[in-house]
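A quick write-up on the structure given underneath.
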Amino acid sequence: MLSSNISNRLSNRGNVLPMLILLASLLSIFQLKTEYRIASTEVPAVNGGDAMQSANSGDLRAHHVQNAVEHDERDSDMTVPSMEESSTSTSNQRKTHMYTFFERIDASARSTGMSDERDNEMIAIWKEEWQAAGFAVKILTMQDAKNHPKFLEFQQQLQKVSLNTPTKIYNQMCYYRHLAMASVGGGFMSDYDVLPIINNATTVLLPMHISDDSEVVVYSATPSEGGIPCLMSGSAVKWERLAFALLESGIRHPDERLWSDMFAMIDIRDSSLYKLNDSVIKFGASDDANPSRCDKIRNKVAIHFSHHGLKEVQKSANDRPDVARQWLQDWKASCSE
């Protein structure tokens, strides 16, 4: 009926132009409807789909991708703030993960001096400050270490390391955290009592991206130039290599009562297993940790509120959250631009 009417109208030469306009309109409507039907049948791309395709290049890469997906699902409350929330951040485009390892253990085996409540406070501060520095934050646990394909081998070798003190479980966790970092694909890891000093040095000294072949970098050092594993970065492959090297160091010292992962880090300092970039302030009685000494702080990326540092200023471990908040407040008042 429609085509017949159109033909009749077209027979009238005076109506040719209006009929052409009508035909063009009908064709446009038909084209729009067709495009809409096609678009509505398309399946949207799944986030991370490209990464999952690349997993075919090897089981280890597939393992890392799967772990990353699992972390994104269970740590949805620890993601980077929105662009509006992070607009005041020094590095709101970083999109790099900062991990910490935390496995709650019985207080009798912990020997850290921290109550569960104060642990939770410190974790909250850690999350808030590293997010403000532009990082996505995630908490690793023993499950992440167990997800590593070489976990059982690592667990068996760890039994040979001398950790014969009441803090044995705690020190075992310190070894496992390195395997957990390899399991999730590498990246940055800090102790929960290491907080960023947000300035130009944070973005200059901490790399924006950890590549598949990035060496392990330790950002805190002892006077003897050994690495303190409180802030580190590296690729999954290099972190796995380091984790087993730390075990080997422990096994080589069977007569020691305690051979922690820090002692092992110092022991292997002359190897090529990690690079040292001493850019973490050690909180304590030293004037170097004075929050008003902006000249001392300007080229540092973080501050470590360690057990030793707290003792130097006559503070207990349970005071750590309050001490950390106060130091950051004083530093921001004195030195923040």
For Ser214, other-chain or 5+-apart residues with amide H closer than 5 Å (H placed, Pro excluded) are Ser235
Beyond 29 Å (Cα-Cα) in this structure, taken from Lys127/Lys332; Lys146/Lys315; Lys238/Lys332; Lys146/Lys332, we find Lys146/Lys315; Lys238/Lys332; Lys146/Lys332
Nearest-0.05 FRET efficiency for Ile123 and Lys332 at R0 = 22 Å, using Cβ-Cβ distance, is 0.60
Between the alpha carbon centres of segment 123-188 and segment 270-318 the gap in Å comes to 22 Å
Going fewest to most other Cβ atoms within 10 Å around each Cβ, Leu140, Leu258, Leu179 line up as Leu258, Leu140, Leu179
With Gly226 itself left out, Lys, Arg at +1 and Asp, Glu at -1 over residues whose Cβ is under 11 Å from its Cβ give -3
Between Ser108 and Ser271, Cβ-based FRET efficiency (R0 41 Å, step 0.05) works out to 0.70
Quick note on Val217, Val184, ordering by fewest other C-beta atoms within 10 Å, gives Val217, Val184
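Since every read-out is calculated from the coordinates, none of them should be taken as a lab result. Given the structure is predicted, the values throughout are model-derived calculations rather than measurements. Neighbour counts run over all protein chains shown; Cβ positions are idealised from the backbone, glycine included.
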